[in-house]
Amino acid sequence: MYQKVEEYFKKFQEKYPRYQSEELSFFSFGNTEEMADELSELVVKKIKTGTSSGYDLYKKEKEPLPKVGQLDVVLNGKNEPVCIIKNINVTILPFSEITEEHAWKEGEGDRTLAYWRKVHTDFFKHVYKEALNMAFTEEKLIVYEEFEVIFF
C-alpha cells in the first residue's frame, strides 16, 4: 500500500516541483472501508471540503495537529490514493459550536447541521469509547479542517 501512495505523491511532486520538500502524509476518512470509499468520492467530486476529528485522539496518539498548508493523500477503502488535498483552514472548537456552514462543507447526507450532529455524535461516541475508554460529550474539542483538492 505504502508504495502506491509514495508513487502517487512522486507523480504529484513531478508535476508541481514547488512541493518537493513536502512530507508524505496520507489517510482515509472514517473507520470502515465503505465509509472511506463514500467520503473520498465526495472529496473527489469537491462536495466534501471539510472534515472533523476528535482533539483527544491526536493527544492519545501523540500526533501533531493538522496545519494550514498541510498536504494529505486521500485514500479510498482499499487504501488506494484518489487525490491530494491541501488544508486552507484549521479550527479547534467544541462539538457544540459546529455550525451549519461546517456541516455543509463536510458534504455528507443532506448536509444539514441536524444530520451532521446525529452521525458525528454516533461516530465520536463509538471512537471515544473504543480508542480512549472515554465518554464523548458535546463539550469535547473538535479539530475542523477545511481543504481543497489540488491533485487527482
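The values are calculated or read from the model by the stated rules, or taken from the named source; none is laboratory data. This one's a predicted model, so the numbers in the text were calculated from it and none came from an experiment. Cβ: placed from backbone, ideal geometry, glycine included. Neighbour counts: every protein chain shown. Accessible surface areas use protein heavy atoms only, side chains included; no ligands, DNA or RNA. Shrake-Rupley method; radii C 1.70, N 1.55, O 1.52, S 1.80 Å.
Restricting attention to region 40-56, the residues that are β-branched (Val, Ile, Thr), part of a loop (DSSP other than H, G, I, E, B) and in contact with a helix residue (DSSP H, G or I) (Cβ under 8 Å, 6 or more places away or on another chain) total 1.
Answer yes or no: is there a residue in region 57-64 that is outside any helix (DSSP H, G or I), basic (Lys, Arg) and open to solvent by 30 Å² or more (accessible area, probe 1.4 Å). Yes, region 57-64 has at least one match. Selection of region 1-39 for residues being assigned to a helix (DSSP H, G or I), out of contact with any Phe, Trp or Tyr (no Cβ under 6 Å at 6 or more places or on another chain) and touching a residue at least 40 places away in the same chain (Cβ under 8 Å) yields LYS4, TYR8, PHE9, LYS15, TYR19, GLU33, GLU34, MET35, ASP37. The condition of being surrounded by 14 or more Cβ atoms within 10 Å (Cβ to Cβ) and either under 14 Å from VAL82 (Cβ atoms) or basic (Lys, Arg) (or both) holds for only one of GLU38, GLU33, that being GLU38.
Consider LYS48 against the criteria (1) buried (at least 18 other Cβ atoms within 10 Å of the Cβ); (2) touching a strand residue (DSSP E or B) at 6+ places or on another chain (Cβ under 7 Å); (3) of a type outside the set (S, T, N, Q): it satisfies all of them except one. Which criterion is unmet? For LYS48, the failing item is (2).
When every residue of region 80-96 is checked against the conditions, none turns out to be charged (D, E, K, R), more than 24 Å from TYR16 (Cα to Cα), at pLDDT 95 or above and out of contact with any Cys (no Cβ under 9 Å at 6 or more places or on another chain). For the list (1) among the charged types (D, E, K, R); (2) over 17 Å from the mean Cα position of the chain (by Cα); (3) at pLDDT 95 or above, I need the number of the one condition that GLU34 fails. In the conditions (1) among the charged types (D, E, K, R); (2) over 17 Å from the mean Cα position of the chain (by Cα); (3) at pLDDT 95 or above, GLU34 misses (2) alone.
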